[in-house]
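The values are calculated or read from the model by the stated rules, or taken from the named source; none is laboratory data. Since the structure is predicted, the reported quantities are computational estimates derived from the model, not experimental observations. When we count neighbours, we look across all protein chains shown, and the Cβ atoms used for this are built from the backbone with ideal geometry, even at glycine. Ligands, DNA and RNA are stripped out before the accessible areas are found, and what is left, the full protein with its side chains, is counted by its heavy atoms. Shrake-Rupley method; radii C 1.70, N 1.55, O 1.52, S 1.80 Å.
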Amino acid sequence: MTVPTVTLAEGLTVSAQGYGAMSVAPVYGPVDPAEALATLHHAVDIGITFIDTANVYGEGSSERAVGELLKDRRDEVQLATKFGLVGNIANGQRGINGDPAYVPQALDESLGRLGVDHVDLYYLHRVDPNVPIEDTVGAIAEQVKAGKVRNIGLSEATGDELRRAYGVHPIAAIQSEWSIWSRDVENKVVPTAAELGVGFVPFSPVGRGFLAGSFDAETLGDNDLRRRFPRFSDSALPANQKVLDVVRAVGEELGATPAQVSLAWLDAKGRQYGLPSVSIPGTRFAARVTENAGALDIVLSEDQIARLDSLAAITEGFRSADLNWVSQGRE
């Protein structure tokens with residue numbers, strides 16, 4: 001298949017859909033390293049070349065897995081990684097470190113695991129409430145000058161934080177959760193990104209698997225990250241199912257899967273807001289990578305978009321509870 005490209009920022013052109021490599025770390029359950037590597041290769045084989053990882057995913061295991069891919073295919077990949085979250089995110093023991101002195105240390109450790117001399121996009125994973133964002137971004141900018149970072153990104157920043165960071169150094173992309181049932185970024189973050197010409201990278205675009213129709217609460221492992229989210233509690237599942245039923249119905253009208261509908265909706269929203277947007281669905285399975293990429297060929301009608309737009313209200317309360325764990329909220 002031919003995958004189109006999107007220019008997130010000057011000098012950063014990526015595949016129109018990316019790959020979220022948290023899935024090749026044991027965050028949503030056990031991972032077979034050979035299968036993970038085969039999935040990564042398959043993604044690049046079909047044109048999904050924007051690979052997103054982070055130092056904290058599996059305590060470095062995601063970066064090491066991506067590093068195996070890069071041994072042979074670095075020139076084919078637009079590589080993004082992140083720093084700033086510290087600790088074990090799977091068990092909730094985490095903190096945030098945006099200390100400027102930590103930036104070169106974190107970057108060099110990531111480069112070592114990845115086996116490369118630079119990254120194409122380096123994100124601050126979370127804004128440190130105890131460090132002015134201007135100071136952290138200034139330290140990343142020093143790594144741009146050193147040639148180890150090509151572009152700077154932010155993850156889960158507010159609209160105001162994005163604007164302040166941009167005043168220090170151009171920000172190529174902002175990454176936040178955005179999906180059919182997670183719409184809060186549309187209040188201020190998305191409009192600010194569009195105003196500044198900053199690309200948007202939605203993570204968890206298929207609701208950590210639920211909006212793909214692949215979530216099964218009965219088989220969820222004890223260490224699965226989703227056990228920590230109110231969104232996936234037993235009390236939330238009836239409302240979640242109402243959302244999925246509509247997504248399935250739209251898919252039946254188009255001959256598409258729920259995941260493809262969810263991803264096509266995000267592409268449509270990016271166009272609606274007038275900003276370059278590249279989602280990064282993750283999966284451990286090559287067949288799912290192909291399925292997800294199929295969303296790039298789907299065009300939703302205005303009526304279908306409107307029906308999908310209305311769904312966030314059904315589960316809004318659970319989304320608000322999730323934000324208390326994921327971040328401090330984004331506006």
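Numbers below:
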| read-out | value |
| --- | --- |
| Only Lys, Arg (+1) and Asp, Glu (-1) charged, at Cβ; segment 5-325 dipole about Cα centre in debye | 220 debye |
| Cα convex hull volume per residue for segment 154-203 (Å³) | 59 Å³ |
| Carbon + sulfur, % of accessible area of the chain - ligands and nucleic acids excluded, 1.4 Å | 48 percent |
| Approximate spin-label separation residue 74-residue 135, in nm, with each point projected 7 Å along Cα-to-Cβ | 3.3 nm |
| For the chain: accessible area per residue (Å², 1.4 Å) | 39 Å² |
| Binned Cα-Cα distances of segment 1-153, short to long, each 10 Å bin given as a whole percent | 11, 41, 36, 12, 0 |
| Over 23 Å between alpha carbons, listed pairs 71/148; 242/269; 82/269; 82/148; 145/269 | 82/269; 145/269 |
| Rg over Rh [alpha-carbon atoms, Kirkwood Rh] for segment 9-67 | 1.00 |
| Two-site label geometry, residue 252 and residue 287: point separation in nm, points 7 Å out along Cα→Cβ | 2.2 nm |
| For segment 309-314, 3J(HN,Hα) per residue [Karplus equation, 6.51 cos²θ - 1.76 cosθ + 1.60, θ = phi - 60°, Hz, x = Gly/Pro] | 4, 6, 6, 4, 5, 5 |
| Mean separation of Cα contacts under 8 Å (6+ apart) over length of the chain, as relative contact order % | 20 percent |
| Residue 208 accessible area, assembled protein chains, probe 1.4 Å, Å² | 30 Å² |
| Scattering profile of the chain at q = 0.07, 0.15 Å⁻¹ [log10 I(q)/I(0), Debye over alpha-carbon scatterers] | -0.25, -1.30 |
| Highest to lowest packing among 46-56, 265-275, scored as the average C-beta count within 10 Å | 46-56, 265-275 |
| Alpha-carbon spread of segment 117-183, three principal axes, descending order, Å | 40, 25, 18 |
| Amide H contacts under 5 Å for residue 151, placed H, 5+ residues apart | 121, 122 |
